[in-house]
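Participant: Take this structure, written in structure tokens, and hold onto it; I'll ask about it next.
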Amino acid sequence: MTISHFAQDAAQIALDKLNRGEIDRRSFLTALGGLGLVAAFKPGVAMADASEIVVCNWGGAAADAFAKAYGDPFTKKSGMKVVIDGAGPAVGTIRAMVESGKVIWDATDGGMIDSLTLGKGNLVEKIDYSIVDKSQVPEAFAGEYGISNYVYSNVLAYDAEATKGVAPTGWADFFDTAKFPGKRTMCKWIQGQLEFVLMADGVKPADLYPLDVDRAFKKLKPMLGDIIFWEGGAQTQQLFREGEVVMGNIWHTRANLLNKEKPDQFKWIWEQNILSASAWSVPKGNPAGKKVFEFINSTLDPAGQLVLLQLMGNGPSNPKTLALMSPQDAAVNPTTKENAASQIMLNPAYYAEHETELQNKYLDFISS
Amino acid sequence: MRNFKRTALLLTLPASLVAICLYAAPILQVLALSVTEPKPGLANYQNLFANAAVGRVVVTTLKVSIMTTVLTVVASYIVAFAIIHMSAGLRRVSLFLVLVPFWISVLVRAFSWITILRRRGVLNGALMETGVISSPLDLVYNLLGVTIGMVHYMMPFAILLLYANLSDIDRRIMQAARSLGARPATIFWRVWLPLSLPGLALATLFVFVFSLGFLVTPALLGAGKTLMIAEYISVQISSTSRWDLATSLSTMLLLVVGIIVFAAMRSPALRAAFVARPQQ
């Protein structure tokens, strides 16, 4: 689901940086580790073995040496090896594994919403908070079946050249084609989309859920001709670079990269940004048993989360990381106090219940 | 002879096994899922017909496929017709140029079209420079962009199919028509075109069936607003986990394509396309 789209995208950002020489290989691997992402796409490496932790993530982007770079610190501390499987912890895959009794993963990076879906299906273990230090993250990030290791935001980014220096002040301006003529972009995956439409229509943050889908569609309908729907983070940068759109609802990590490219032209606002949390889950009957929670606990460490922010812009789930940040770090971080002033949080419980139906309704709506 | 036949049959065994394991078995699995997920029965198919959203996706798919087929076949016929009238050397160069796109990935081709068609793209730039238009045209991220991309993808296939058919037509028939006083236009409409029907029918069938299952081009050039069956199925598999919907829709698509091909093969024009012609 969307969390996987985001995690893959974050890895791509790191890979691009590595290729441009902005970061070294080691930092790159560390960053992937923080994301719970890794390269080595080796089916078969992930063998059930009680002396190691097998982490499943969305893989793809990187080199095979990561397991060593990422596993070493944890191995030193615990004596356990960390093996990464990039096969992608789709809900369906986890379900098939658990039901057939052949679980090979210990921890999966599937997001808060997936953790709820899995929990409801009795497919994942409860997070053992006698081992994982719950106090390291805010309450909303420590769910019964999942705990967050990073966060990201949907923000309103704009092309200041096209708006002649005028900054939008909130989502309402997304719909103000008189004041800001030109095309817009928003995501074709539902998470964080109807929220902004409803806020633009005057719905108070507290009244967002359950989402008033009909109201959102009604507001969006006259705009459809002016909207290009994106499906991956790189595409959002492309659309802005090519002057195809003047503003859009995009991930803050991509807005940050655009801004670094052309600081005077590409900007974004934090007003009414929509925060999402990633989460680790533990499939039922995982091979390493309780040991996995020590690993999960180690990913909540502020030092590692800061590295992740600096390399890719993913916000930390541990608020203690804030104290370690330079002003530059804090400026691009969605959990910094000023940036979070008018922030709303995506409601995972709502999505766990309605996402499938909502996603299909939304696709039908935008394509008709 | 009998021995030879047996050996020949044996030789096809490895390929058949691969096809069965990697192709037939997964398709049967999809078929099985469509009647068992989430519970056994034909409810998924019932839901499919009751689902208005699926109906709209099917209509979009048909619209795009028919448009693509008509444009591709007409344009390809013109190109193929020109190629068979060229000198041998020029024909080789032309056929080479037709083949070039075959070696370029469908992704690269889609992105190239974006570069050409976008608001600040090559085409809009040129038109604005020369003063033909004053503000950029919306050429991509809509139905038009999807159609352009798909026609471009299909044309090499259609050109080659038509070229094969046209080069088999006996030119002495045209000479005979001319000697009987037919004008060039009459020769085209009353001799060339009727003789090209088998090729046209084959190209039309091929392009149409191929278009029905298109994924990458509509997804990239349509920007979410041109939702075709293949993309819809892919979303139901990977994003929404609606396997019931995905598998029943896949099976229906396969069935419909099968029926179209079966019905088309019974038409005289298509049968003629497959009949061995005497070599000249």
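The values are calculated or read from the model by the stated rules, or taken from the named source; none is laboratory data. The model shown is predicted, which means the values in this text are computed figures rather than measured ones. With ideal geometry, Cβ positions are generated from the backbone for all residues, glycine too; neighbour counts draw on all protein chains shown.
Participant: Return yes when B:LEU215 is away from chain A (no Cβ under 11 Å) and modelled with pLDDT of 90 or more and no when it is not.
Facilitator: No.
Participant: Among residues belonging to the range A:205-224 that are surrounded by 16 or more Cβ atoms within 10 Å (Cβ to Cβ), part of a helix (DSSP H, G or I) and away from chain B (no Cβ under 14 Å), point out the one that is farthest from the chain's Cα centre (by Cα).
Facilitator: So the residue we want is A:LYS219.
Participant: So, one more: Out of B:LEU220, B:LEU255, which single residue is of a type in the set (A, V, I, L, M), part of a helix (DSSP H, G or I), within 30 Å of A:TYR362 (Cβ to Cβ) and at pLDDT below 90?
Facilitator: Exactly one of B:LEU220, B:LEU255 is of a type in the set (A, V, I, L, M), part of a helix (DSSP H, G or I), within 30 Å of A:TYR362 (Cβ to Cβ) and at pLDDT below 90, namely B:LEU220.
Participant: Right, something else. How many residues does the range B:123-149 contain that are under 26 Å from A:LYS188 (Cα atoms), assigned to a loop (DSSP other than H, G, I, E, B) and of a type outside the set (Phe, Trp, Tyr)?
Facilitator: Within the range B:123-149, residues that are under 26 Å from A:LYS188 (Cα atoms), assigned to a loop (DSSP other than H, G, I, E, B) and of a type outside the set (Phe, Trp, Tyr) number 6.
Participant: Among what's in the range B:243-252 and is within 12 Å of chain A (Cβ to nearest Cβ) and surrounded by fewer than 22 Cβ atoms within 10 Å (Cβ to Cβ), pick the residue that is farthest from B:ASN51 (Cα to Cα).
Facilitator: Ranking the candidates gives B:TRP243 first.
Residue by residue, here is whether (1) of a type outside the set (Gly, Ala, Ser); (2) touching a residue at least 40 places away in the same chain (Cβ under 8 Å) holds:
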position	(1), (2)
A:GLY170	no, yes
A:PHE174	yes, yes
A:LYS179	yes, no
A:LYS183	yes, yes
A:CYS187	yes, yes
A:GLY192	no, yes
A:VAL197	yes, no
A:TYR209	yes, yes
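Participant: OK, next. Among the listed residues B:LEU107, B:LEU95, B:LEU28, B:LEU33, identify the single one that is among the hydrophobic types (A, V, I, L, M, F, W, C), in contact with a Phe, Trp or Tyr (Cβ under 9 Å, 6 or more places away or on another chain), at pLDDT below 90 and part of a helix (DSSP H, G or I).
Facilitator: Criteria check complete, one pass: B:LEU33.
Participant: Same structure again: Going residue by residue through the range B:230-240, is there one that turns out to be in a helix (DSSP H, G or I), within 11 Å of another protein chain (Cβ to nearest Cβ), of a type in the set (Phe, Trp, Tyr) and out of contact with any strand residue (DSSP E or B) (no Cβ under 8 Å at 6 or more places or on another chain)?
Facilitator: Yes, the range B:230-240 has at least one match.
Participant: Can A:THR163 be described as more than 14 Å from every other protein chain (Cβ to nearest Cβ), in contact (Cβ under 8 Å) with a residue 40 or more places away in the chain and surrounded by fewer than 18 Cβ atoms within 10 Å (Cβ to Cβ)?
Facilitator: no
Participant: If you don't mind, another one. Mind checking whether some residue in the range B:176-185 is touching a residue at least 60 places away in the same chain (Cβ under 8 Å) and charged (D, E, K, R)?
Facilitator: no
Participant: I'm told A:ALA340 meets every condition in (1) among the small types (Gly, Ala, Ser); (2) surrounded by fewer than 19 Cβ atoms within 10 Å (Cβ to Cβ); (3) assigned to a helix (DSSP H, G or I) except one. Can you identify the failing condition by its number?
Facilitator: With (1) among the small types (Gly, Ala, Ser); (2) surrounded by fewer than 19 Cβ atoms within 10 Å (Cβ to Cβ); (3) assigned to a helix (DSSP H, G or I) applied to A:ALA340, the lone miss is (3).
Participant: Further question: Output the residue which, of all residues in the range B:135-169 that are touching a Lys or Arg at 6+ places or on another chain (Cβ under 6 Å) and of a type outside the set (Val, Ile, Thr), is farthest from B:PHE274 (Cα to Cα).
Facilitator: B:PRO136
Participant: Within the range A:170-182, which residues are in a loop (DSSP other than H, G, I, E, B) and closer than 26 Å to A:LEU275 by Cβ?
Facilitator: Matches in the range A:170-182: A:GLY170, A:ASP176, A:PHE180.
Participant: Give me the pairs: first residue in the range A:89-116 and at positive phi, second residue modelled with pLDDT under 80 and among the β-branched types (Val, Ile, Thr), beta-carbon distance under 8 Å, and six or more apart or on different chains, which are they?
Facilitator: A:GLY111/A:THR2; A:GLY111/A:ILE3
Participant: Then there's this: Quick one: which helices (runs of 4 or more DSSP H) lie wholly within the range A:225-301 and hold at least 3 residues that are in the same structural domain as A:ALA107 (by TED's automatic domain parsing) and touching a residue at least 12 places away in the same chain (Cβ under 8 Å)?
Facilitator: A:291-298
Participant: Out of all the residues in the range A:303-312, is one or more in a helix (DSSP H, G or I), buried (at least 22 other Cβ atoms within 10 Å of the Cβ) and within 14 Å of chain B (Cβ to nearest Cβ)?
Facilitator: Among the residues of the range A:303-312, not one is in a helix (DSSP H, G or I), buried (at least 22 other Cβ atoms within 10 Å of the Cβ) and within 14 Å of chain B (Cβ to nearest Cβ), which makes the answer no.
Participant: Can you tell me which residue in the range A:321-357 is nearest to B:ALA52 (Cα to Cα), limited to those that are within 14 Å of chain B (Cβ to nearest Cβ) and in contact with a helix residue (DSSP H, G or I) (Cβ under 7 Å, 6 or more places away or on another chain)?
Facilitator: Looking at the filtered set, the residue picked out is A:GLU355.
Participant: Same structure again: Can you work out which of the residues in the range A:178-204 that are in contact with a strand residue (DSSP E or B) (Cβ under 9 Å, 6 or more places away or on another chain) and of a type in the set (Val, Ile, Thr) is surrounded by the fewest Cβ atoms within 10 Å (Cβ to Cβ)?
Facilitator: Across the range A:178-204, the extreme among qualifying residues is A:VAL197.
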